[in-house]
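Rule-based calculations on the coordinates, nothing more; no lab input. If you're wondering where the values come from, they're calculated on a predicted model, not measured in any experiment. A quick note on method: Cβ atoms are made from the backbone with ideal geometry, for glycine too, and the neighbour counts reach across all protein chains shown.
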Amino acid sequence: MGKAFDIGLDRLTGVGVPESDKPNMSLRTASEGGLYTGQDKGGRPLCEETLGLADSPCATNNGQTFYLETFGCQMNEHDSEKVAGVLLARGYRQVESVDAADVVLYNTCSIREKAAQKVFSRLGEWRPGLESSKLSISSSKFQNRETQDPGSKRGPGAPANNTATGTQPGMDVPQKIIGVLGCVAQQEGQKIFARAPWVSLVCGSASYRKLPELIRELEKGNRRVTGLDTDTDETFETEITRRDNPWRAYLTIIEGCDKACSYCVVPFTRGPERSRTSASILEEVRQLTDAGYTEVQLLGQTVNSYRDPSARKMRFSELLVAVAEVPGIRRVRFTTSHPRDFGKDIVEAIEAVPAICEHVHLPVQSGSTRVLQAMARTYSRDEYLEKVALMHNAKRAISITTDLIVGFPGETEKEFEETLSLLDAVQYDGAFCFKYSPRPNTPSLRMEDVIAEEEKSRRLTVLIEKQREIQRARNERLVGEMFEVLVEGKSKKEHQWSGHTSSNKVMNFTSRREESLGDYVRVKVTGVTPNSLIGGVVEEGLS
Ligand code: SAM
Ligand code: SF4
């Protein structure tokens with residue numbers, strides 16, 4: 001259940017570029033499978049010591065390794081970049097398999113039930129006794145010993161007290177650190193230890209800044225540690241972020257969410273809204289341009305609800321302009337915008353500043369005012385359409401994408417049809433479509449008139465089909481037009497490349513030049529699919 005369909009936004013999170021295609025730029029090392037841009041002003045690698053986060057020198061960790069798997073959204077992908085940055089700064093090395101890792105981390109998502117289930121099935125792969133258990137993949141990493149109390153010491157020589165976690169004395173316990181991070185960690189907390197006693201670290205996204213401290217506790221011998229506060233006013237600053245995408249740098253500008261939509265776990269798992277100061281954001285953007293980035297994407301669950309906590313009190317639209325004015329920046333993206341806080345000033349900023357990309361992701365969820373009220377979305381259909389009209393009437397052609405949920409409790413056929421008619425009215429360039437998934441702690445869990453699974457599936461299919469047709473028609477109108485494209489990927493097929501337009505459309509195109517990665521080129525559209533444009537380069541290496 002809860003299968004999400006991404007129509008045309010498949011690359012919203014950036015193109016996965018093969019290691020061999022990553023540029024060999026100064027300040028960018030492609031070792032560890034990504035880009036670690038952290039250096040202080042004196043060129044020293046950023047680590048806990050140079051950042052003043054620790055009183056001990058930068059750890060070397062004697063070649064300790066970590067494996068990090070990410071589930072879920074772009075925010076999670078970026079959180080993983082931060083986690084990797086922290087561990088690399090402590091001297092850990094990232095590896096591609098759990099077998100080779102001393103620390104195994106799962107950065108989890110619980111937005112829909114299926115995503116959460118996936119995490120527990122991954123953790124289940126470690127269950128002792130299973131023939132395929134990961135416990136047997138590297139016996140040298142484990143020793144047979146009695147399970148210990150949550151507060152007790154870990155490792156050889158530690159007292160082996162029995163535990164209340166449901167494990168059997170004498171079972172294999174991994175001598176790896178196995179950690180659950182992110183939304184499932186925050187939602188399930190200590191319960192994870194009972195369900196998967198081989199887990200030793202549980203840490204929600206609001207506590208990532210404490211990760212080095214938590215790992216240090218485990219290294220000292222503590223058996224289990226948690227970081228589950230959400231009432232922190234700390235934002236996880238990103239000085240030691242390891243960047244995976246060589247073309248688009250993600251930056252969190254606001255954490256958490258105060259909106260309380262009745263179906264959503266995010267306010268529980270990510271805590272209240274906390275914005276970073278504009279000065280710290282702009283400083284990071286400058287560091288990114290120094291490292292060679294020309295495109296940045298500002299992130300937040302409700303990015304446009306940004307409130308500068310410093311005396312400068314920069315509005316979100318002013319921040320967009322300020323980021324675009326940092327020398328070296330050519331593209332500024334932002335996601336996700338909440339309709340309530342989306343105003344004329346943002347559209348005016350896009351109109352006035354070419355570097356602010358002509359794309360707005362504005363989730364609507366439903367086309368029915370009654371359903372929107374039940375969802376506690378804080379706007380009606382008409383109010384949403386007023387925001388869309390601002391973009392339709394803008395001087396630049398702004399591409400609009402959205403998120404939609406079908407089968408919310410009590411959604412009638414007529415109300416579902418209102419969602420279909422909204423697609424006609426808005427003409428989206430892309431949509432993430434979801435079946436409603438009941439989530440723990442959320443108000444909608446107690447709502448009546450639950451829609452049957454088969455009916456949700458039927459509505460999802462109808463919705464996807466309609467949106468696909470709209471996209472194909474919209475894309476067809478672009479044949480013959482020219483777009484500036486940042487070249488992000490190289491196909492195995494000769495002379496074939498891919499990248500994104502400012503409107504975030506994927507462009508697959510032909511170019512005979514040997515090396516174009518990272519360049520901006522002008523491409524003429526010669527064909528389309530519902531999800532992408534096809535073209536040929538007419539102008540290389542734009543300055
Ligand atoms: N903050 C963004 C907003 O307000 O639109 C959305 C962030 S949420 C991580 C991404 C999307 O997941 C939502 O827009 C919604 O469509 C979907 N979603 C969230 N909770 C859901 C649920 N319980 N069932 C189905 N889809 C859900
Ligand atoms: Fe969830 Fe609503 Fe917040 Fe978006 S605005 S993260 S859907 S509560």
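List of remarks:
- Rg and Dmax, both from the Cα atoms of the stretch 490-530 and both in Å, are 10.2, 29.
- Values of log10 I(q)/I(0), in the order q = 0.11, 0.22 Å⁻¹, for the stretch 419-490 under a Debye, Cα-only, solvent-free model: -0.47, -1.04
- Residues with amide H under 5 Å from that of F334, placed H, sequence gap 5 or more: L298
- Backbone amide hydrogens, once placed in the peptide plane, bring H359 within less than 5 Å of S399, excluding anything fewer than 5 places away on its chain.
- Based on the convex hull around the alpha carbon atoms, the stretch 67-133 presents an average projected area of 5.1 nm².
- With the simple model of a label 7 Å out from the Cα in the direction of the Cβ, L542 to F120 spans 5.0 nm.
- Estimated at 0.36 nm per residue, the fully extended path between A394 and E481 surpasses their Cα-Cα distance by 29.4 nm.
- Gyration tensor verdict on the stretch 389-432 (Cα atoms; rounded if a/c is under 1.5, prolate if a/b is larger than b/c, oblate otherwise): prolate
- In terms of overall dimensions, the C-alpha atoms belonging to the stretch 302-347 reach 32, 25, 17 Å along their principal axes, ordered largest to smallest.
- Estimated FRET transfer efficiency (H495, D258; beta-carbon r; R0 41 Å; 0.05): 0.25
- Cα gyration tensor shape for the stretch 243-289, rounded if a/c is under 1.5, else prolate or oblate: oblate
- Less than 5 angstrom separates the built amide H of V528 from those of I534, all sequence-distant by 5 or more or on a different chain.
- Subset of K82/K505; K118/K259; K435/K466; K118/K191; K210/K313; K414/K466 violating a 22 Å alpha-carbon distance limit: K82/K505; K118/K259; K210/K313
- Extension gain (nm, one decimal) between R340 and R458, 0.36 nm per residue minus Cα-Cα: 39.5 nm
- In plain terms, the residue of K176, K220 with the fewest other Cβ atoms within 10 Å comes first and the most crowded comes last, giving K220, K176.
- Its Cα centre serving as origin, the stretch 349-490 has a Cβ charge dipole (Lys and Arg +1, Asp and Glu -1) of approximately 220 debye.
- Relative pair counts by distance (%), Cα atoms of the stretch 409-533, 5 Å bins: 2, 9, 16, 15, 13, 11, 10, 9, 8, 6, 2, 0, 0
- The alpha-carbon atoms of the stretch 351-390 define a convex hull whose volume equals 75 cubic angstrom per residue.
- Too-long pairs where the Cα-Cα distance tops 26 Å, listed order kept, from K387/K490; K490/K524; K176/K492: K387/K490; K176/K492
- The fraction of all Cα pairs in the stretch 191-320 landing in successive 5 Å bins from 0 to the largest distance is 2, 10, 16, 18, 17, 15, 11, 7, 3, 1, given as whole percents.
- Fewest-first ranking of E113, E77, using other Cβ atoms within 10 Å as the exposure measure: E113, E77
- Unit Cα scatterers, Debye sum, the stretch 315-469: log10 I(q)/I(0) for q = 0.19 Å⁻¹: -1.12
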